[in-house]
Amino acid sequence: MNYGLKQTRRFARAYKKLHDKVAADVDAATEVVAADPTAGERKKGDLAHLLVYEFRSQNQLYLLGYTVDDSIRLVYLEAVGPHENFDRDLERT
C-alpha cells in the first residue's frame, strides 16, 4: 500500500521553477518514494533526519529530499534540486 504525499513550501517553490520534463521525472520519483519510502538513503550530519532519493533527468543527477511519518503513512516532500549544492542549500534554511 502506498504512502500519502505532502509537499512542504520549500518543495513546492522549487518544483514550480522546474522545466516540464524535469517535473515529469520528479513526479515519477515521488511515485517510487510513495510506493517504497525506504528507497532513499539517509543523509549524514546536520541533515540526518532527511532521506534522499537520487534520479537522473536530462543527463543531470537530481535529489529528492523527504521525511517519513510511519504512524500516519505519510511522506513529506522536503526539497528537490540538482545534486550540486543540494546539502548547502538545505542547511541554509
Review point. Mind checking which pairs have a first residue in the range 31-57 that is more than 17 Å from F11 (Cβ to Cβ) and a second that is aliphatic (A, V, I, L, M) and outside any helix (DSSP H, G or I), Cβ under 7 Å, 6 or more apart or different chains?
Key: E41/L51; E41/V52; R42/A48; R42/L51
Point to revise | Hits in the range 23-82 - residues which are touching a Ser or Thr at 6+ places or on another chain (Cβ under 8 Å), under 13 Å from L5 (Cβ atoms) and not aromatic (F, W, Y) | key: V26, L64, V75, L77, E78
**Study point:** Within the range 8-29, considering residues that are farther than 17 Å from T67 by Cα and basic (K, R), the one surrounded by the fewest Cβ atoms within 10 Å (Cβ to Cβ)
**Key:** K16
Practice item. Would you mind telling me which numbered condition in (1) modelled with pLDDT of 95 or more; (2) open to solvent by 20 Å² or more (accessible area, probe 1.4 Å); (3) β-branched (V, I, T) T93 fails? Key: (1)
**Study point:** Residues of the range 40-58 classified as modelled with pLDDT under 95 and open to solvent by 20 Å² or more (accessible area, probe 1.4 Å), total
**Key:** 7
Point to revise | Those residues of the range 30-39 which are in contact with a strand residue (DSSP E or B) (Cβ under 8 Å, 6 or more places away or on another chain), small (G, A, S) and either loosely packed, with under 11 Cβ neighbours inside 10 Å or more than 24 Å from E91 (Cα to Cα) (or both), in sequence order | key: A34
Point to revise | Qualifying positions in the range 48-62 - farther than 12 Å from V33 by Cα and touching a helix residue (DSSP H, G or I) at 6+ places or on another chain (Cβ under 6 Å) | key: S57
Exercise for review: Go through the range 69-81 residue by residue and tally those that are open to solvent by less than 50 Å² (accessible area, probe 1.4 Å) and of a type outside the set (D, E, K, R).
Suggested key: 6
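The values are calculated or read from the model by the stated rules, or taken from the named source; none is laboratory data. Computed from a prediction, not measured in an experiment: that's the story for all the values here. Using ideal geometry, Cβ is built from the backbone for each residue, glycine included, and neighbour counts are taken over all protein chains shown. Note: accessible area is taken over every heavy atom of the protein model, side chains too, but ligands, DNA and RNA are not part of it. Shrake-Rupley method; radii C 1.70, N 1.55, O 1.52, S 1.80 Å.
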